[in-house]
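For reference, the structure discussed in these notes is given below.
The values are calculated or read from the model by the stated rules, or taken from the named source; none is laboratory data. Just so it is clear, the model here is predicted, and its values are computed rather than measured. Note that we place each Cβ from the backbone using ideal geometry, even for glycine, and neighbour counts take in every protein chain shown.
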Amino acid sequence: IIAQPLGRNEVLGLLFRLTIFGAVTYFTIKWMVDAIDPTRKQKMEAQKQAEKLMKQIGVQNVKLSEYEMSIAAHLVDPLTMQITWSDIAGLDEVITELKDTVILPIQKRHLFKGSRLLQPPKGVLLYGPPGCGKTLIAKATAKDAGFRFINLQPSTLTDKWYGESQKLASAVFSLAIKLQPSIIFIDEIDSFLRSRSSSDHEATAMMKAQFMSLWDGLETDYNCQVIIMGATNRPQDLDSAILRRMPTRFHINQPVDPAVDFVDMAKETDGFSGSDLREMCRDAALLCVRDFVHNTHADERIQDQIRSINQDDMQIARQKMRKSKSADGQTVLIHSTLD
């Protein structure tokens, strides 16, 4: 069969049909991928939430990518925050130092413009026991400094598709730069940026490496007004490379009533391990938090602070730990008898 040459109209018709076929194939495949993506609905809701928040904080004419939209869904408008420095008690020294080292260089930026030493830190770490006010301090800092607040959840950066986590990590920084001045707050930062090991998953290791690389980019740009603030009660679990990037650290501690008799408590906790003592102190601190929450629920007008740990709290926590150790001993005895 001898192929006949095609005319101009025939060639154009063939190209048109191929184009239509290619477009139909592309949209069909895209529809199938979207249909099997379990996070599609979540992404659409995140986009709607992001658009709503962007309007609330007054951001206009800023074009965001799909990944930046996912991160923007976790924006917090500092003007809507009800937290002020007066809501945080017993931490006056920490608050004063934080104002001097973080907020002052931001508010008086024109005074320190020519100095590289007096720039605000790119990383701030708040560490201390649970319920001592670390998150409150981060929010109060953002409100006082007038920064946009990105409340970053580690789960936001995880995705089932290979390479998507790195794109989301990159979007965190690109969004923060577009919205600067801004604070990227990571609560329980040890769960996200803990010490690296050879057993880490490849995707997790790559995401951590990219996150730290982008973080270094903030340090080289002295005009960038982006601060990463993390909170943890386990600073020893953080990677050493992360600690290097967070040179400004504040120990947030739970205040203790001076009337607590530590000598008496030492006698009554004979036989307790170091772990037992730590858990006992944690229970005592949580009693203060529960009282604060219950009082606030009872009367919303109350603006009281979390009280100090007193002798009664320590006694209740000691009795609870003693019962727990006693129950553990009975369990061991039962198992020994059965054996």
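Side notes on the structure shown:
- Residues in segment 230-258 that are in contact with a Ser or Thr (Cβ under 7 Å, 6 or more places away or on another chain) and within 22 Å of Ile95 (Cβ to Cβ): Ala231, Thr248, Pro255, Val256, Asp257.
- Filter result for the condition that a residue is in the same structural domain as Lys143 (by TED's automatic domain parsing), assigned to a loop (DSSP other than H, G, I, E, B) and at pLDDT below 75, over Ala46, Ala89: Ala89
- Options Lys167, Lys178, Lys208: the member that is assigned by TED's automatic domain parsing to the domain that holds Gly146 and farther than 25 Å from Thr135 by Cα: Lys167
- Some residue of segment 243-259 being in the same structural domain as Leu136 (by TED's automatic domain parsing), surrounded by 17 or more Cβ atoms within 10 Å (Cβ to Cβ), touching a Leu at 6+ places or on another chain (Cβ under 7 Å) and under 17 Å from Pro154 (Cβ atoms): yes
- Answer residue from segment 171-181, given it is buried (at least 19 other Cβ atoms within 10 Å of the Cβ) and part of a helix (DSSP H, G or I) and is nearest to the chain's Cα centre (by Cα) among those: Val172
- Flag if Lys55 is basic (Lys, Arg) and at pLDDT below 80: yes
- Cβ pairs under 8 Å, 6+ apart, first in segment 60-74 and modelled with pLDDT under 80, second assigned to a loop (DSSP other than H, G, I, E, B) and not acidic (Asp, Glu): Val62/Leu179
- When we screen Met81, Met69 for residues that are surrounded by fewer than 18 Cβ atoms within 10 Å (Cβ to Cβ), within 18 Å of the chain's Cα centre (by Cα), aliphatic (A, V, I, L, M) and not assigned by TED's automatic domain parsing to the domain that holds Cys288, the only hit is Met81.
- Residue in segment 263-285 that is exposed (fewer than 10 other Cβ atoms within 10 Å of the Cβ), at pLDDT 80 or above and either assigned to a helix (DSSP H, G or I) or in the same structural domain as Leu91 (by TED's automatic domain parsing) (or both) present: yes
- In a residue-by-residue description of segment 211-218, the property of being in a strand (DSSP E or B) and either touching a His at 6+ places or on another chain (Cβ under 6 Å) or modelled with pLDDT of 85 or more (or both) applies to no position.
- Only a single criterion out of (1) surrounded by fewer than 20 Cβ atoms within 10 Å (Cβ to Cβ); (2) at pLDDT below 85; (3) aliphatic (A, V, I, L, M) is not satisfied by Val94, namely (2).
- Filtered by the rule that a residue be among the acidic types (Asp, Glu) and either assigned to a helix (DSSP H, G or I) or in contact (Cβ under 8 Å) with a residue 60 or more places away in the chain (or both), segment 187-210 gives Asp190, Glu202.
- Candidates Ile137, Ile184, filtered to the one that is part of a strand (DSSP E or B) and buried (at least 18 other Cβ atoms within 10 Å of the Cβ): Ile184
- Residue pairs whose Cβ atoms lie under 7 Å apart, sitting 6 or more positions apart in sequence or on different chains, and linking a residue in segment 37-52 that is under 9 Å from Ser70 (Cβ atoms) to a partner that is at pLDDT 75 or above and assigned to a helix (DSSP H, G or I), are Lys43/Ser70; Ala46/Met69; Ala46/Ser70; Gln47/Met69; Ala50/Met69; Ala50/Ala72.
This table checks each residue for (1) on the phi < 0 side of the Ramachandran plot; (2) part of a loop (DSSP other than H, G, I, E, B); (3) modelled with pLDDT under 80.
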| position | (1), (2), (3) |
| --- | --- |
| Arg116 | yes, yes, yes |
| Leu125 | yes, no, no |
| Phe149 | yes, no, no |
| Thr156 | yes, no, yes |
